[in-house]
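A short worksheet on the structure shown next.
The values are calculated or read from the model by the stated rules, or taken from the named source; none is laboratory data. Keep in mind the model is a prediction, meaning the values are calculated, not measured. Here the Cβ positions follow ideal geometry from the backbone for every residue, glycine too, while neighbour counts run over all protein chains shown.
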Amino acid sequence: MKVCKFEKIKDEDEMKQVINCIQKEHPYVAVVPILAQLQEWLQAISSSWFHEEDEASHATVNAIEAYCCTLANHLITDSHLNQEIKNRILECIKKIHILVEDKADLLIDKMIKAEIYGLSSDLFTYCLRQQGLRAQTLDTGKLIQINLERKPDIPYIQESIQQYIDENRNVDIFIAPLSICRNVYGEIDFMSEQRNDYYATVLATLFKADEMLLSTPINHIYANRNCLREQHSLTYIEAEQLINSGVHLLYADCITLAARSNIVIRLTDTHDLLTERLYISSHDTGNSVKAILSQDSATFVRFTSLNVLPGYLFMGKILEVINKYQINVISMASSNVSISMMLTASRDTLRIIERELHKYAEMVMDENMSVIHIIGSHYLCTAQIKTN
């Protein structure tokens with residue numbers, strides 16, 4: 001069973017690309033974001049509503065209605081389905097008009113957001129019904145419960161999900177709105193959009209998927225130039241090491257959760273949904289070079305001892321300060337008189353570090369550096385990850 005997650009769908013053409021990808025991949029669950037234009041209008045509603053500009057809020061809601069109806073006319077040509085989705089649009093718009101009449105409130109703002117997220121997902125649901133699939137929007141606002149730490153309560157949710165699946169065995173595919181959940185107080189809520197991949201991984205775990213396709217921005221990954229999977233395959237351990245070294249790949253908990261359930265992760269770029277860029281699983285292909293990743297905006301720093309501290313205390317002092325400010329160190333080399341690091345940190349943080357260490361070390365920096373990560377195999381003489 002497969003779960004697919006998509007991101008940054010800007011317009012009608014990109015909607016068609018996502019629908020084509022779904023038809024090709026045949027997932028049981030497709031996790032879709034709110035359409036980019038709807039996201040812009042949603043922010044405009046929140047802004048005008050909190051500034052008590054009621055007329056502007058209602059005008060934006062009407063613009064959402066017109067936009068969704070236009071998409072429905074272009075993408076859903078079956079008259080019965082077209083009428084159904086338009087009824088759904090009108091129902092949603094009516095609810096939002098009523099909600100914006102109330103005094104500005106964060107909970108109501110989330111309710112408005114959830115309505116528009118759900119409407120965006122319903123458009124995909126009806127597009128897939130147009131293609132002959134028995135599609136249904138997954139009510140994640142009721143099913144996905146988060147705990148006090150704002151993490152999904154997976155054991156609690158699992159039972160509800162299984163019951164939901166049993167009640168909907170005739171469904172070919174569920175369309176899940178991205179990030180919607182319910183908090184411990186029973187209120188509609190949202191997981192952080194920075195954790196979209198993790199949200200999809202949670203759904204894959206709950207639905208007991210064996211494979212997950214994630215569309216995510218990975219322009220910095222140079223892999224799959226000849227489409228041979230064995231030349232762009234990583235193990236879970238290799239992927240975790242890359243993330244821990246500061247490479248933007250996935251949210252770290254995605255790998256941990258996927259590895260625990262043995263879910264294969266396939267990464268595609270948001271601009272090319274059909275080309276697999278990275279394949280992450282428990283299997284090691286044994287290739288010498290699997291992928292090359294670039295990491296920009298790094299800083300090279302050399303700490304040269306002023307001989308105030310002996311070597312072992314000097315190194316301890318440097319690492320103590322690095323740990324204090326939670327600096328991400330990509331690579332490090334040392335001798336008895338100096339320590340060199342490739343790291344990522346802001347200029348302000350680096351200035352603070354320099355002030356703290358000025359009694360013990362001379363600090364030389366070279367900013368705007370790039371780091372190349374070459375991922376290879378455990379079984380070859382070359383290191384699994386080299387950083388130059």
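Brief remarks follow.
- Set Leu234, Leu242, Leu278: member being touching a His at 6+ places or on another chain (Cβ under 6 Å), touching a residue at least 60 places away in the same chain (Cβ under 8 Å) and either closer than 16 Å to Val3 by Cα or not polar (S, T, N, Q) (or both): Leu278
- Matching residues, the stretch 276-314, being of a type in the set (S, T, N, Q) and either under 30 Å from Val364 (Cβ atoms) or modelled with pLDDT of 80 or more (or both): Ser281, Ser282, Ser294, Gln295, Ser297, Thr299, Thr304, Ser305, Asn307
- Within the stretch 88-117, tally of residues that are more than 27 Å from the chain's Cα centre (by Cα) and without any contact (Cβ under 8 Å) to a residue 24 or more places away in the chain: 8
- Test: residue in the stretch 6-20 that is assigned to a loop (DSSP other than H, G, I, E, B), among the acidic types (Asp, Glu) and either surrounded by fewer than 13 Cβ atoms within 10 Å (Cβ to Cβ) or in contact (Cβ under 8 Å) with a residue 24 or more places away in the chain (or both): yes
- Asn336 meets all of the listed conditions (1) part of a strand (DSSP E or B); (2) exposed (fewer than 13 other Cβ atoms within 10 Å of the Cβ) but one, namely (1).
- Condition check for Ser331: surrounded by fewer than 16 Cβ atoms within 10 Å (Cβ to Cβ), touching a residue at least 40 places away in the same chain (Cβ under 8 Å) and among the hydroxyl-bearing types (Ser, Thr, Tyr): no
- Subset of the stretch 165-189 (residues that are touching a residue at least 24 places away in the same chain (Cβ under 8 Å), surrounded by fewer than 19 Cβ atoms within 10 Å (Cβ to Cβ) and over 17 Å from Thr137 (Cα atoms)): Asn183, Val184, Glu187
- In the set (1) touching a residue at least 24 places away in the same chain (Cβ under 8 Å); (2) over 27 Å from the mean Cα position of the chain (by Cα), the condition left unmet by Ser46 is number (2).
- Scanning the stretch 339-371 for residues that are acidic (Asp, Glu) and outside any helix (DSSP H, G or I) yields a total of 3.
- Tyr28 being of a type in the set (Ser, Thr, Tyr), in contact with a Lys or Arg (Cβ under 7 Å, 6 or more places away or on another chain) and over 21 Å from Ser192 (Cβ atoms): yes
- Residue list for the stretch 191-212, restricted to those being crowded, with 18+ Cβ neighbours inside 10 Å and polar (S, T, N, Q): Asn196, Thr201, Thr205
- Checking the stated criteria, Ile85 turns out not to satisfy the condition of being in contact with a helix residue (DSSP H, G or I) (Cβ under 9 Å, 6 or more places away or on another chain), over 21 Å from Leu206 (Cβ atoms), without any contact (Cβ under 8 Å) to a residue 40 or more places away in the chain and β-branched (Val, Ile, Thr).
- Applying the criterion of being of a type in the set (Ser, Thr, Tyr) and at pLDDT 70 or above to the residues of the stretch 215-244, the residue that is nearest to Gln295 (Cα to Cα) is Thr216.
- Cβ separations smaller than 7 Å between residues 6+ apart or across chains give the following pairs from the stretch 133-160 residues that are without any contact (Cβ under 8 Å) to a residue 12 or more places away in the chain to residues that are part of a loop (DSSP other than H, G, I, E, B): Asp153/Asn147.
- Residue count for the stretch 48-75, restricted to those that are surrounded by 12 or more Cβ atoms within 10 Å (Cβ to Cβ) and either of a type in the set (D, E, K, R) or not assigned by TED's automatic domain parsing to the domain that holds Gln17 (or both): 3
- Number of the condition not met by Leu313 [criteria: (1) surrounded by fewer than 20 Cβ atoms within 10 Å (Cβ to Cβ); (2) outside any helix (DSSP H, G or I)]: (2)
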